[in-house]
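Values quoted throughout were computed directly from the atomic coordinates according to the rules given, and no laboratory measurement underlies them. Since we're looking at a predicted model, the values are computed, not measured. Backbone-built Cβ (ideal geometry, glycine too); neighbour counts: all protein chains shown.
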Amino acid sequence: MKKNIRVVATLLLMFSAAQVFADAPPVQKPSSKADIQAALSGGVPMGRWKEGLLFEGVKPMPWLKSAANWFPRTEDVQPEEMRVTFMGTSPSIRPGQMNTSIYVELGNGDNFVFDMGEGSVANYVAAGVALNQISDVFITHLHVDHFGSLPYLWMFGTWAGGWHDRLTVHGPSGRTPEYGVKAMVDGMRKMLGWHIDAFSVFPVGKGWDIQVNEFDFRDNGGIVYEKNGVKVTHWQRSHAKDGASAYRLDWNDMCFVWTGDGRPSKLDVKYAKGCDLYVTEMQPELLEISSGVQGVPPFLGRYTVDTHHTPAYAAGYVANEIQPRMFMTTHMGFDPYQNEEAVAEIRYHWKGPFHFGAPDGIVVNMTKDLVWVREGILPDFPNNRSPQFDFSNGQLIVPLPPTDRTKIQEPFVREQQIDPKKYYPEGYHPVLLEEWPVKSDLVVPLDMLPENLKVNMGAEWRLREKNKKAMEKKGK
Ligand SMILES: [Zn+2]
Ligand SMILES: [Zn+2]
């Protein structure tokens, strides 16, 4: 039956194709050059479309596969480009909006994570990021909607090849030591005690050796990170409790700011002034209506905003002071009932380029001249990307696991396992790998690595080398 349907469908297709060709119009005398020009470029002032609020410099780059959508793993970050993806966009977690996280990729091959809210890790996977590619996470503050995915990233990122680069968590100190990011990571390590020991039957290398870079939250304008032409600075935000910070990343004469949560502040204007891509959080003045829609009582909403957050009017006000090339807001409900209102309030002060940094998967491509914002198409059922390795040494090194089952499990429960002969079908019995197959680090020269592993696991490394060469050629 199915086969018949296919045959009919094929015939129909062939028939309609034949129709198209049969209907092609006969050749005619070409229109005059003036007529063609008038029709094709009519209404285009000064040689290009400049319409509405799409200002000079806001347009798609020629290398984008689609100007409308970003499809994961179809476009390389260009040598001089900064690409920013919103991996989590809301304080209220829900399927289309995970908790806040922003991924910044640079043409020099470096990448940075700003906040890692609950659930955002799913979007990293969907965006084709191998978890072992992430080595630097900058946390703005310790509300759980900004760091909830860290335990998963650390544990499964280590399992999936995070053996050679330590994960570093950057974040502010607290007013007292127990409230700083270091105390949070110590607590996380304690919480993950069982998991760490259990996963130690796998290759780990330096994976468990998580690093913390805790900076003094009062050191406004201080440098958090400086390496490879990238500089990250920070300043305080007023978010009800000491120990909330904003970040600014500078690279290749371009700048990205994520303020994290907080009340609009003179410090934002001072430290983000003139930044190319300015991202802040925002809440429109819809507290009473929102109470009916979202179920937050108005007094609780009002009090939360007025002590912790940035009203949309204020977001626009601050953007106008900063004058970015692109202004975006995130950490917001992306809902029809409030989107229009939010734009209207932002536009009260800010008349320049603006986009929502929501819902999840919004992608920004930025060079010194151009900036373009698209919706990314993140699949619901993605598979993990292969772990990515730096093959500069010509080898794949798989560290020896620190432990094995006999050291962390009593024999009794292993002895209760059912004999595989009883469940594998007659004539089929895989060779079970019940013990790690080597007694020291496994070192595989690249030419002995199966071709598919070499291609898949070295993709990011090759792109990095390619972009490095392109920049060297340009004399940078
Ligand atoms: Zn938040
Ligand atoms: Zn917060």
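For the peptides 186-192, 147-153, 404-410, the ranking by mean Cβ contacts within 10 Å, running from highest to lowest, is 147-153, 186-192, 404-410. Over all directions, the projected convex hull of the C-alpha atoms in segment 156-233 averages 6.0 nm² in area. Each stretch of four or more DSSP H residues adds -39500 (n - 2.57); spread over every residue of the chain, this sum gives -9000 deg cm²/dmol at 222 nm.
The order of the peptides 335-347, 133-145 by mean Cβ neighbours within 10 Å, most packed first, is 133-145, 335-347.
Local charge for W63 was computed over the other residues whose Cβ lies under 9 Å away, with Lys and Arg +1 and Asp and Glu -1, and equals -2. For G376, nonlocal amide neighbours, meaning residues 5 or more places apart or on other chains whose placed amide H falls under 5 Å from its own, are W70, I362, V363. The HN-Hα couplings worked out from phi for segment 236-244 by the Karplus form 6.51 cos²θ - 1.76 cosθ + 1.60 (θ = phi - 60°) are 6, 10, 8, 9, 6, 9, 4, x, 10 Hz, whole numbers, x standing for Gly and Pro.
List the lysines whose alpha-carbon lies under 23 Å from that of K190, not counting same-chain residues fewer than 8 positions away? Within the straight-line cut-off, K190 pairs with K182, K206, K407.
Considering only Cα atoms, the convex hull volume of segment 69-376 works out to 126 Å³ per residue. Rounded to the nearest 20 debye, the dipole size of the chain about its Cα centre is 1080 debye, using +1 on the Cβ of Lys and Arg and -1 on the Cβ of Asp and Glu.
Each peptide in 288-297, 271-280, 111-120, 168-177 was scored by the mean count of other Cβ atoms within 10 Å over its residues; highest first, the order is 111-120, 271-280, 168-177, 288-297. By the combined test of axial Cα extent (at least 27 Å) and Kyte-Doolittle hydropathy (mean at least -1.0), the qualifying DSSP H helices of the chain come to 2-23. Over the C-alpha atoms of segment 228-310, the Rg to Rh ratio, Rh being the Kirkwood estimate, stands at 1.09.
Among F412, F86, a tally of other beta-carbon atoms within 10 Å of each Cβ gives an order, fewest to most, of F412, F86. Shape analysis of segment 412-476 yields a ratio of the Cα radius of gyration to the Kirkwood radius, Rg/Rh, of 1.30. Taking a cut-off of 16 Å between Cα atoms, list the lysines near K227, but don't count ones fewer than 8 places away on the same chain. Straight-distance partners of K227: K468, K476.
Averaging Cα coordinates gives a centre for segment 302-344 and one for segment 100-156; these two points are 23 Å apart. A cut-off of 5 Å between modelled amide H atoms, ignoring neighbours fewer than 5 places along the same chain, links F217 with S173. Considering only beta bridges that DSSP places wholly inside segment 69-376, some 60 percent are antiparallel. For Q283, the residues whose modelled amide H falls within less than 5 Å of its own, excluding neighbours fewer than 5 places apart on the same chain, are T310, A312. Bridge orientation summary for segment 233-381: considering DSSP beta bridges with both residues in this region, about 55 percent are antiparallel.
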